[in-house]
Each structure stands twice: as structure tokens, then as C-alpha cells.
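The values are calculated or read from the model by the stated rules, or taken from the named source; none is laboratory data. Every value quoted in this text rests on a predicted model; they were computed, and no experiment measured them. All Cβ positions, glycine included, derive from the backbone under ideal geometry; neighbour counts span all protein chains shown. Remember, those area values only see protein heavy atoms, side chains included, never the ligands or the DNA or RNA. Shrake-Rupley method; radii C 1.70, N 1.55, O 1.52, S 1.80 Å.
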Amino acid sequence: MSISIIPEEKDEVLRDVHIGIIGCGGIANGKHLPSLSKLPNVKITAFCDLIPERAEKAKKEFGTDDAVVYTDYQLLLKQEDLEVIHVLTPNVSHCELAVAALESGHHVMCEKPMATTYVEAQRMVEASKKAGKFLTVGYQTRSQTSHQYVRKMIERGDLGEIYYIKAPSIRKRGVPLWGVFLDKEQQGGGPMIDIGTHSIDAALSLIQNYDVASVTGSVYRKLADTAYLSNEWGIWDPEKLDFSVEDSAMSYVRFKNGATLVIEAAWLLNYAGDSHMTLCGTKGGVEFLDGGVVRFCGDEDGSFYTKDVKPNNTARTLFKGQNLTGEEYEAKQWIYSVIHNIPPVTKPEEAAVVTQIIEATYRSAQEGKTIYF
Ligand SMILES: NC(=O)c1ccc[n+]([C@@H]2O[C@H](COP(=O)([O-])OP(=O)(O)OC[C@H]3O[C@@H](n4cnc5c(N)ncnc54)[C@H](O)[C@@H]3O)[C@@H](O)[C@H]2O)c1
């Protein structure tokens, strides 16, 4: 696997890429539209949302003058100039929309998680293969400088054999109250499928191991009904809010080579610790600290030591990626892969395994047993 597909030495061959957006809510306006608009060769010529004002607003801010607004995605897919579709709707519709977009001859960027079930994820992989079109998933953590820096360390063998990974996504008080995040029917679950998905993808892509042996999960809904709980995004009245997903979940994943991954995902947890991903290998360990700092630890001349590094885009191809955020770099790499016909950095088969682990976590908790793959 490569962390970057943009070569250092070559200048890009620019040609226009026309993009259609399905779902003009939070992630469209917070990530995709601002990042895509920084790429001079991208033209966003179609916007679709069930709420037409959202599509109109996004068109005004980010679209071409002749961009068209839709409320029915099937009509958008018929617009002739479109080469790429971004699927940015709630999780439950990712499969239907992505498959339809692939079958109608488009490359697809789908927001995370890829799907709510592994069966759906496999359908998406198959549709991409059958159509001969690229499908990728919006795991922008992979494009962060610290992630790419550590991936290079691992490739060089600096950590040796990695056998233990702790992958927390812990928000002590961070329930998203906008959109449909609390609705199990729409999202398929709570923090495990919402933010745990990033930690799982980051871990698997760092160690390049997708051979899972088993998953044991615990799922909790312990604090959601507590009145007047503090929350980063506003307080809620448990009587009035339909909070049908978990508020925390943990998962213990064993790989076929014996390595262990522990995932902790929470929107609400009475926990005072940090949420740092940690990888432990035979030669050294790495912890992702806040602010993009990477802490290496190991043993030298009989002493255990730590060393903190703040990588400054050094792991990225130099002038092609410096000063870009993870989200901007993700967009740049994605469009580069479309233009140059190079498979995207985040492969759908990899994202499908992430979905498989999440689904197994929920199933394991529900059935009270370990799920063997
Ligand atoms: N990469 C990240 O870090 C990240 C962060 C937040 C959300 N997300 C993901 O992005 C997706 C959307 O989340 P959001 O926060 O933008 O939600 P949102 O509710 O703010 O926006 C979703 C939009 O999709 C529209 N929509 C729903 N079904 C549609 C359909 N069939 N056709 C057209 N429009 C439709 C809704 O009207 C809404 O405007 C989710 O899958 C979520 O997991 C990813």
C-alpha cells in the first residue's frame, strides 16, 4: 500500500473533472466542498439533497454558474458531464446510492462508514469491479501528516513486528445532535460506527493487516438518558430525544497472525484519560499525541526512552502536499487517481473489512459471544 500516489517530481496534468454531490449537509459543507473547491480543475456541476434549500445553498457557494440542483439522485446521475459522484448522505443510503452511481458509469467517493453491513459493503465492491470504476471511502485520517509519517516508520521496519494496537475514539461528552446520528435506522449504530470506524481504518491501514480472526464486542447505552448531562454540541432532553444508538462501545479484535487490536469508541464516557492511538512492536512503539505529535518509544543501550516528533508534512510528497490538511490532501489524491487512472489510496476492500469489524462488534455484544471470521 502506498500512502501517497502523487509523485514528487512530476507536475500534474490538469484536466477538468466534473463532480456531482449527493447529500449537502454537514460533511459536504465541512469537508468535501471546501477541499474540492481548492482544486483548480474540479468543477462541481450538480448538487442533490432531499431538502432543496441545502442543495441551492451549496450550489451558490461552491458550484459552477450552470450547476444544476436536484432532490432526486437518480436524475442527477443522468446529467451527462458528471465523471465523479460524492455520496455524503446518512449511512443507511450509502450502498444504494454508491451502487447506482457506479452502475451509471461514475467513480464514487463515499463518506465513512462504507455501509451499515458487510453484505452491503461487498455489493459496493462488486459494483465497482463490474463497472470498472473507482470506489473510495472518506477516511481522511490516513491523509494526516502524522499518520503518513508513522506509516513510513512502519514500512522502514522501525517498530519491528507490531502485535498490539490500542485504537481509541473517545469523546467524553461529544454527542452529535445535528443530522440523524442518534437514529439507529439511519446510521446503523452510534459512536462505534461513527468515530470508531476512523480508528479501525487508521489501525488496519497502518499495520496493513486485514486478516481478522475474531471480534468480541461490548456495547453500552448508559448515559444517554441522564438529564442535564454536559455536551460539547448542546444539551438534550432525554424525554424528547430519540437516542436509539449506543453511547459507548468497545471491541477486541484478534488477527490471524496473533496481533491484537483494542477499539474504544464513545460519545459519552466518565473517563478522564486520553484518546491516543498506540502501536506496540518488537523494536519500538508509537503513540499519536494531540496536535499531530508522534511519540516514539524504545530501548537504547539498556535504557527505555521516548522521543517526540512533530512531523511537518515531511512524509508527504514535497511540493504536492505541503500545507494541506488531511481532508484537502484526501481530495487531491482522489482527483489525481481519477485523472491518472490509478487506484485510490483507500481501497473499497479495505473499508469493507472495517464495516465487517463494526458489524461483528454489534453482533457479538447482542449475542454475547465472540464472532469468528
Ligand atoms: N469523515 C468524517 O469525519 C465524517 C464526519 C461527519 C459525518 N460523516 C459522514 O457523512 C455522512 C453524512 O453526515 P452529515 O453529518 O453530513 O449528515 P447531515 O444530516 O448533516 O447531512 C446529510 C444530508 O443528506 C441528505 N440526504 C439524505 N438522504 C438523501 C438522499 N437519498 N438523497 C439526497 N440527499 C439525501 C439530507 O437531507 C442531509 O442534508 C454520514 O455517513 C456520516 O457518517 C463523516
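Quick test for you: out of Glu96, Glu126, Glu83, pick the one residue that is touching a strand residue (DSSP E or B) at 6+ places or on another chain (Cβ under 7 Å), open to solvent by 30 Å² or more (accessible area, probe 1.4 Å) and over 22 Å from Thr325 (Cβ atoms).
That would be Glu83, the only listed residue that is touching a strand residue (DSSP E or B) at 6+ places or on another chain (Cβ under 7 Å), open to solvent by 30 Å² or more (accessible area, probe 1.4 Å) and over 22 Å from Thr325 (Cβ atoms).
Matching residues to (1) more than 12 Å from Ala249 (Cβ to Cβ); (2) free of Cβ contacts under 8 Å to residues at least 24 places away in the same chain; (3) open to solvent by less than 30 Å² (accessible area, probe 1.4 Å); (4) more than 12 Å from the ligand (Cβ to nearest atom):
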{"site": "Val175", "(1), (2), (3), (4)": "yes, no, yes, yes"}
{"site": "Phe181", "(1), (2), (3), (4)": "yes, no, no, no"}
{"site": "Ile200", "(1), (2), (3), (4)": "no, no, yes, yes"}
{"site": "Ser205", "(1), (2), (3), (4)": "yes, no, yes, yes"}
{"site": "Gln208", "(1), (2), (3), (4)": "yes, no, no, yes"}
{"site": "Ser214", "(1), (2), (3), (4)": "yes, no, yes, yes"}
{"site": "Tyr220", "(1), (2), (3), (4)": "no, no, no, yes"}
{"site": "Tyr228", "(1), (2), (3), (4)": "yes, yes, no, yes"}
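So which residues in the range 355-373 are farther than 18 Å from His94 by Cα and open to solvent by less than 50 Å² (accessible area, probe 1.4 Å), if there are any at all? Working first, answer last.
Applying the first criterion (farther than 18 Å from His94 by Cα) to the range 355-373 yields 360-373.
Answer for the range 355-373, where residues must be farther than 18 Å from His94 by Cα and open to solvent by less than 50 Å² (accessible area, probe 1.4 Å): Ala360, Thr361, Tyr362, Ser364, Ala365, Thr370, Ile371.
Where the second residue is among the charged types (D, E, K, R) and more than 10 Å from the ligand (Cβ to nearest atom) and the first is within 11 Å of Gly20 (Cα to Cα) and open to solvent by 40 Å² or more (accessible area, probe 1.4 Å) and lies in the range 48-70, which pairs have Cβ atoms under 7 Å and are six or more apart or on separate chains?
Listed by first residue and then by second, the contacts come to Val69/Glu56; Val69/Lys59.
Enumerate the pairs (first residue in the range 100-116 and on the phi > 0 side of the Ramachandran plot; second residue anywhere and more than 10 Å from the ligand (Cβ to nearest atom) and not β-branched (Val, Ile, Thr)) with beta-carbon separation below 8 Å, excluding pairs fewer than 6 apart on the same chain, so at least 6 apart or on different chains.
Gly105/Ala131; Gly105/Lys133
Quick one: is Leu102 open to solvent by less than 10 Å² (accessible area, probe 1.4 Å) and touching a Phe, Trp or Tyr at 6+ places or on another chain (Cβ under 8 Å)?
For Leu102, the condition - open to solvent by less than 10 Å² (accessible area, probe 1.4 Å) and touching a Phe, Trp or Tyr at 6+ places or on another chain (Cβ under 8 Å) - is not met.
Restrict the check to the range 114-135 and report whether at least one residue is at pLDDT 95 or above, of a type in the set (Phe, Trp, Tyr) and under 30 Å from Asp308 (Cβ atoms). Steps first, answer last, please.
Within the range 114-135, the subset at pLDDT 95 or above is 114-135.
If we keep only those that are of a type in the set (Phe, Trp, Tyr) too, we end up with 118, 134.
Narrowing the set further to residues that are under 30 Å from Asp308 (Cβ atoms) leaves none.
No, every residue in the range 114-135 fails to be at pLDDT 95 or above, of a type in the set (Phe, Trp, Tyr) and under 30 Å from Asp308 (Cβ atoms).
Taking the stated definitions as given, is Asp290 on the phi > 0 side of the Ramachandran plot, open to solvent by 70 Å² or more (accessible area, probe 1.4 Å) and among the acidic types (Asp, Glu)?
Considered against the rule, which asks whether it is on the phi > 0 side of the Ramachandran plot, open to solvent by 70 Å² or more (accessible area, probe 1.4 Å) and among the acidic types (Asp, Glu), Asp290 comes out as no.
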